[in-house]
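Novice: The structure's right below; bear with me while I get my questions together.
The values are calculated or read from the model by the stated rules, or taken from the named source; none is laboratory data. As the structure is a computational prediction, the values presented were derived from the model and not from experiment. When we count neighbours, we look across all protein chains shown, and the Cβ atoms used for this are built from the backbone with ideal geometry, even at glycine. Areas reflect the complete protein model, heavy atoms only, side chains present, ligands, DNA and RNA absent. Shrake-Rupley method; radii C 1.70, N 1.55, O 1.52, S 1.80 Å.
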Amino acid sequence: MSFITDRDESDSAAGRSELVENLEALRRIPIFRDIPLEMIKLYAYTARRQAYRSDELVFRQGSPAREAFLILSGTVRLWMADPEGHQVDLQVLDPGGFFGYMALLAEYEWPLSAQAASPAELLIVDRRSFRKILVRYPEKGFQIVERLVQMRMARMKSHMSLLMRHIDGASSLDELYRIDALSR
Amino acid sequence: MVTQKPLFYWILHRHRLLQGCLLLLITAGLFFRIFPLEMQKRIVNIAIHLKKTDQLLLYCGLYLGAVLLAGMLKYAANVLQKYLGQKIVLEIRNDLYAHMLRLPLGFFRRTPPGTVITAMTGELGAVGHFIGGALAVPITGLLTLAAFAGYMIWLDPLLGVISIALYPVELVVVPMLQRRYNRVNTRRIDVVRSAADTIGEAVSGIHEIQGNAGYRLEGEKAAAHFRRLFQLVNRLSVLKFGIKFTNNLFQNFGPFILFLLGGYLAIHGKFSLGALVAFLSAYEKVYDPWKELIEYYQGLQDARVRYRRVMERFDAAPEFSVCPEGRGVYDLEGRIEVDHLGYRIEGQMDLLKEISFTLSPGEQAALVGFSGSGKSTLAMLVGQLYRRQQGRILIDGHEISALSKSDIGRNIGFVAQHPFVFHGSVRENLLYGFHSAALCGPSERAAPPERERLLEMVRRVGLEDDIVRWGLNTVISGSEHPHLMKRLFEMRRVIHRRILADPSDAVEFYDVNRFLRHMTLYRNILFGDARSDAFKLERITENQAFIQLLRDTDLEASMIRLGWDLARETVHLLQDLEDDAFFFGSSPIAPDQFDRYRDLVSRLEAAGGQPSDPVDHGLLLRLALGYIPARHKMTAVSRHFEEKILAARGRFIQDIAGLDIAYCRKATERFIRGEDPGPPGQLQSPVHVIYCPTEYLFSRTVLENIVFGTPRAEDAAETSALRRMVVEHLAATGLLDDVMDLGLDFQVGSKGDRLSGGQRQKIAIARAFLKVPPVLILDEATASLDNTSQAKIQRYLEEEIRGRATVIAVLHRLDLTPAYDRILVMREGALVESGRFEELMKKGGAFYELYHGQG
């Protein structure tokens, strides 16, 4: 029997496997640029998919951050609760949107909440698998970490300039920094 | 102390009787090795010379007997020698391990775990090979040498002396050549390495070389190495064959002298022919003891060095004794006095200076301070993990360094910032303090707490949800808990009605009419538990009835194709990761099967993918049967395939299991609608139990039995809502404790790696609390916990521990401090403030600054 060449058409009509679909989605994230496919494939293999109903919470502000999320379909809204508990909308992300990625590097508390804005499917990479794969490819792994930090710093830069525009005078900024310095 | 003992201490002091036996065995063997020589002489001189057949038979018989006996004695001596060596190594290893565990923490900071492990296993093992014969071998060697030499000299003094004198010459020449060989070989290795570097550089920099046409330059660089290599290898072969030549020469030189001299003497009647034969044999044999002695000498040097290296590595004195001397283990009250305490590390840095405070029994103190202020060091000193250097620490008036580890173990509960959890179950880890208590004298071991107490503690530290979840994920096998199984089964309908009231897709129900994505194909076809071994997954590919079923339903070929896809994809994906079981979580190939499938894939790919071997078919079929569509994402199956599986299921249940599938279909339809599926136990036969709502499913977890389906995603919100509902019901029916009891048996994995950091922390806290010690030291014990659990544990400290244990809690979060009787504030190794929260806040000093800095 030659089972590899003799493909029964009706059987192979199953379409692409989840692994291949995950791989396609992950390759497009900037952190995986120039990373060998075999390494991304491991992320595709360990990643988990999850479907969310509209308005379902992905994570809540203040809960421990352990995973990064890639939107496969649908949209996700990021919002923050101000001290009075009002929701302040920050951003709506579309398919291809990648968020929560700093959780891959260290545990912290989510500074904001994420909620499905429509029925959505997310691909989830947890920190443990992220690290386990990272250490297998030390050089490439370091490159990925660099990209993560660069992505974060780019966002921080835009936040800072936004902040500068809305704060009047250098004195209040000074105040802001002193608190930061004392907390440790 | 074990590390101070020289290697020969063990040899001279251990198992003297056995060593004596060994010596006796070898000496006896010696006699039977010389005896045949005498027989040889007599066979030639008497039996052959005098043509006496009966004498010939007698001497030959004696010869054979002696040779056999010598062989057996040698065998026994060898076995005994190895046994002795391993026995002594066993003792060294145990002593050394016990010693190592007691070494000060500083030792473990300096020494990487890998070093300790190799020292303990590999290096000591090598010493063991030597040790068994450390006495017997040289003594035997010398005795044998003396015996053979004596025999030869007895036969003929001149000839004897000459032939023995030849050996030392060889023993000098050959090692000398060997040493030169080794030196040249080392150089060869260096040259190979530099050649490899040069080649590697050329390959990586090939762009630059081709761009600059640097062929000649690069060629010359490499050529120099190649030439050098050529010369060295030539010298090596000269030396190597030189050694061989010398060996041969000497071995043949001896007989030459023997024949020359002995022949001359024999011709002149001064030496019998038989003696010459015996002499030749003896000459050959005298070589062995020489060689053994030389090897022994090399072995001795090697073992000494290894042994010394191992012992040096662990050469430190434990700081505290295990058991108290001349008294029982104390039961303390928990008064802590710290008096002018100082602690300094290498580099003359003072971590702590002049710290003094007193805590009365039951007082709870928070230890706070700026980072690096020495909080943890202080906590560890009070916990006797370090040895104090200046000042005093008294517990109930006893100087802490005078307390033994048993006193500390019984009286102090210490929870570290990153606690350790051991391989085993949650229960074993919780009871670690009870199982580990060192037995000192007649003092009794405290009885481990009851189940109620364990579960209460689990709830107190906020581990309840996890324990319940583990309990729900347990598969109860067979007859362990018949009563529990019955009651869980009864819950199924109640829960199902609740699920129907609020439909979600958290569960994939065991619906006999559907293809299930969360079950293996094997389960999809059998749709139940086989009671006979012939239908178990391990054996099913040899089951002719089952294979015929696959053929009849046109599944066999598609299954093998599926198996091939799975094997190929998985092997390519995981081939470099097989050392870590973590990556096998979503793999259809189990780690222990991986090698087989890798061989299969590489073999079939090389052969162009045309397997005709039935064994390969079996392997691929087996893989396909274990395929779970929802989990093994490396491939996907079509609708058409799913329908074929369903057809196979129908035929299996009807024809092979002999059960009424129509009945099951109806029962399932009724059940899914929320109606009564019918009386239990209807769909069982001696060979099979179907996954029907009327049955308990033996291969499924507790939760799966209750909800009659597979929860789709482990962490999904819907699943946790479902679980909450199930837990409510379990609690209402009083079954929750039983399920939690199952959860306590959850295996945490090596170093607890199946647990999260928070879970490990909670287990460590519960472990310390369960001991009910009069002193509790918590070194940021709740730092990695979520707020709810942190508050829970804080409440326990305030309500249950207050007045029963003296507490020192190193805290990072200052909002927890108001609950403490006293706050000790540290800054740069000194205690700067101490008092209640309100006092310190009013004072506006260091604590105030710290508190507001954090806001």
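Novice: Under 14 Å from the Cβ of residue A:87, count the other residues' Cβ atoms, weight Lys and Arg +1, Asp and Glu -1, and hand me the total. Walk me through the numbers on the way to the answer.
Specialist: Working: positive: A:60, A:77; negative: A:55, A:82, A:84, A:89.
Counting the neighbours of residue A:87, the net charge comes to -2.
Novice: Averaged across orientations, what area in nm² does the convex hull of the alpha carbons in segment A:13-141 project?
Specialist: On the way: hull surface 33.9 nm².
Computing the convex hull of the Cα atoms and averaging its projections yields 8.5 nm².
Novice: Just the accessible area per residue of segment B:287-341, please: how many Å² with a 1.4 Å probe? If you can, show how the numbers build up before the last one.
Specialist: Numbers: 3180 Å² over 55 residues.
Computed with neighbouring chains in place, this is 58 Å² per residue.
Novice: Sort B:420, B:594 from largest to smallest accessible area, using a 1.4 Å probe on the heavy atoms of the protein chains. Before the final figure, lay out the partial values.
Specialist: On the way: B:420 100, B:594 0 Å².
Largest to smallest exposure gives the sequence B:420, B:594.
Novice: What does the accessible area of residue B:738 come to, in Å² to the nearest 10, when a probe of 1.4 Å is used?
Specialist: Surface accessible to solvent at residue B:738 totals approximately 50 Å².
Novice: Please report how far the C-alpha centroid of segment A:98-117 lies from that of segment B:451-510, rounded to the nearest whole angstrom.
Specialist: 31 Å
Novice: Something else about it: Accessible area per residue, 1.4 Å probe, Å², for segment B:700-782: what's the number? Mind dumping the intermediate values first?
Specialist: Working: 2630 Å² over 83 residues.
I get 32 Å² per residue for this part.
Novice: Hey, another quick one. Please state, as a whole number in µm²/s, the translational diffusion coefficient that the Stokes-Einstein equation yields for segment B:282-402 at 25 °C and 0.890 mPa s, with Rh defined as the Kirkwood radius across alpha carbon pairs. Write out the running numbers ahead of the final one.
Specialist: Numbers: Rh = 19.0 Å.
The diffusion coefficient I find is 129 µm²/s.
Novice: So between residue B:54 and residue B:662, what do we pick up on full extension, going 0.36 nm a residue minus the alpha carbon distance? Please list the in-between numbers first.
Specialist: On the way: separation 608, 0.36 × 608 = 218.88 nm, distance 9.17 nm.
Extra length available between residue B:54 and residue B:662 comes to 209.7 nm.
Novice: Less than 20 Å from a label point 7 Å out along the Cα-to-Cβ axis of residue A:82: which backbone N atoms in segment A:54-68 qualify, by residue?
Specialist: A:61-62
Novice: Inverting the mean 1/r over all pairs of different Cα atoms, compute the Kirkwood radius of chain B and quote it in Å.
Specialist: Values: mean 1/r = 0.0279 Å⁻¹.
The answer is 35.8 Å.
Novice: Where the Cα atoms of the protein assembly as shown are projected onto their three principal axes, how long is each span, largest first, in whole Å?
Specialist: Result, largest extent first: 123, 87, 79 Å.
Novice: In terms of solvent-accessible area of protein heavy atoms at a 1.4 angstrom probe, what is the ranking of B:784, B:720, highest value first? Before the final figure, lay out each step's value.
Specialist: Details: B:784 65, B:720 40 Å².
Listed by decreasing accessible area, they come as B:784, B:720.
Novice: In whole angstrom, how far apart do the alpha carbon centroids of segment B:511-538 and segment B:356-427 sit?
Specialist: One Cα centre to the other: 56 Å.
Novice: First compute the accessible area of segment B:633-672 with a 1.4 Å probe, then give the percent of it belonging to carbon and sulfur atoms. Write down the numbers at each step before the final one.
Specialist: Working: 840 of 1670 Å².
Ligands and nucleic acids excluded, carbon and sulfur give 50 percent.
Novice: Add -39500 (n - 2.57) for each DSSP H run of 4 or more in chain B, then divide by its residues: what number comes out at 222 nm, to the nearest 500 deg cm²/dmol?
Specialist: Working: 33 runs with 485 residues, N = 855.
Mean residue ellipticity at 222 nm (helix-derived): -18500 deg cm²/dmol.
Novice: Using the Kirkwood formula on the Cα atoms of segment B:561-710, what hydrodynamic radius do you get, in angstrom to one decimal? Each step should come with its number before you reach the end.
Specialist: Working: mean 1/r = 0.0555 Å⁻¹.
One over the average 1/r among Cα pairs gives 18.0 Å for segment B:561-710.
Novice: Of all accessible surface on segment B:157-270 at a 1.4 Å probe, what whole percent is carbon and sulfur?
Specialist: Working: 5050 of 7710 Å².
Answer for segment B:157-270 is 66 percent, counting heavy atoms of protein chains only.
Novice: Students often get this wrong, so check it: of B:87/B:405; B:82/B:285; B:51/B:291; B:771/B:843, which have C-alpha atoms separated by over 27 Å?
Specialist: On the way: B:87/B:405 30 Å; B:82/B:285 23 Å; B:51/B:291 39 Å; B:771/B:843 38 Å.
Beyond 27 Å: B:87/B:405; B:51/B:291; B:771/B:843.
Novice: Modelling each spin label as a point 7 Å along the Cα-to-Cβ direction, I'd like the residue B:18/residue B:599 distance in nm, to one decimal.
Specialist: 3.8 nm
Novice: For residue A:55, tell me the accessible area in Å² from a 1.4 Å probe, rounded to the nearest 10.
Specialist: Number for this one is 100 Å².
Novice: Mind ranking B:486, B:771 by accessible surface for me, highest first, 1.4 Å probe? Display every interim value, and only then the final one.
Specialist: On the way: B:486 125, B:771 60 Å².
Order by accessible area, largest first: B:486, B:771.
Novice: So if I place +1 on the C-beta of Lys and Arg and -1 on the C-beta of Asp and Glu, and nothing else carries charge, what would the dipole magnitude of segment A:13-141 be about its Cα centre? I want it in debye, nearest 20. Don't jump to the answer; show the numbers that get you there.
Specialist: Details: 17 positive and 17 negative charges, 128 e Å.
Once rounded to the nearest 20, the dipole reads 620 debye.
Novice: In Å and whole numbers, how far do the C-alpha atoms of segment B:1-101 stretch along each principal axis, longest first?
Specialist: Result, largest extent first: 74, 17, 16 Å.
Novice: At a Förster radius of 41 Å, what calculated FRET efficiency corresponds to the Cβ-Cβ distance of residue B:190 and residue A:156, to the nearest 0.05?
Specialist: Numbers: r = 51 Å, r/R0 = 1.24.
After rounding, the FRET efficiency stands at 0.20.
Novice: Ballpark to the nearest 100 Å², how much total accessible area do A and B bury together, probe 1.4 Å? Before the final figure, lay out the partial values.
Specialist: Values: alone 12320 and 42930 Å², together 51740 Å².
The A and B chains share an interface burying roughly 3500 Å².
Novice: Just read off the accessible area of residue B:628 with the full protein assembly in place, 1.4 Å probe, to the nearest 10 Å².
Specialist: 20 Å²
Novice: In whole angstrom, and with the biggest value first, how far do the Cα coordinates of segment B:448-588 range along each principal axis?
Specialist: Largest to smallest, the principal-axis extents are 56, 41, 34 Å.
Novice: May I pose another question? Could you go through segment A:101-108 in sequence order and give the Karplus-derived ³J(HN,Hα) for each residue, using 6.51 cos²θ - 1.76 cosθ + 1.60 with θ = phi - 60°, rounded to whole Hz, and x for Gly and Pro?
Specialist: 5, 5, 5, 6, 9, 7, 7, 8
Novice: Another question about this same structure. So, for segment B:517-660, what is the accessible surface per residue at a probe of 1.4 Å, expressed in square angstrom?
Specialist: Details: 5800 Å² over 144 residues.
Accessible area per residue: 40 Å².
Novice: Can you give me the C-alpha center-to-center distance between segment B:65-125 and segment B:196-263, rounded to a whole angstrom?
Specialist: With segment B:65-125 and segment B:196-263 each reduced to a Cα centre, they are spaced 39 Å.
Novice: Give the carbon-plus-sulfur fraction of the accessible surface of segment A:13-141 in %, rounded to a whole number; probe 1.4 Å, heavy atoms of protein chains only. Walk me through the numbers on the way to the answer.
Specialist: Details: 3140 of 6170 Å².
Ligands and nucleic acids excluded, carbon and sulfur give 51 percent.
Novice: Can you list which of the GluC sites (Glu not before Pro) found in segment A:34-88 are DSSP loop residues with at most 14 other C-beta atoms within 10 Å? Display every interim value, and only then the final one.
Specialist: Details: sites: A:38, A:56, A:67, A:84; in loops: A:56, A:84.
For GluC sites (Glu not before Pro) across segment A:34-88 that sit outside H, G, I, E and B with at most 14 neighbouring Cβ atoms in 10 Å, the list reads A:84.
Novice: Next question, about the same structure. Two decimals, Cα atoms only, Kirkwood Rh: what is Rg/Rh over segment B:140-186? Don't skip to the answer; put the middle values down first.
Specialist: Working: Rg = 15.2 Å, Rh = 12.4 Å.
Expressed as Rg/Rh, it is 1.23.
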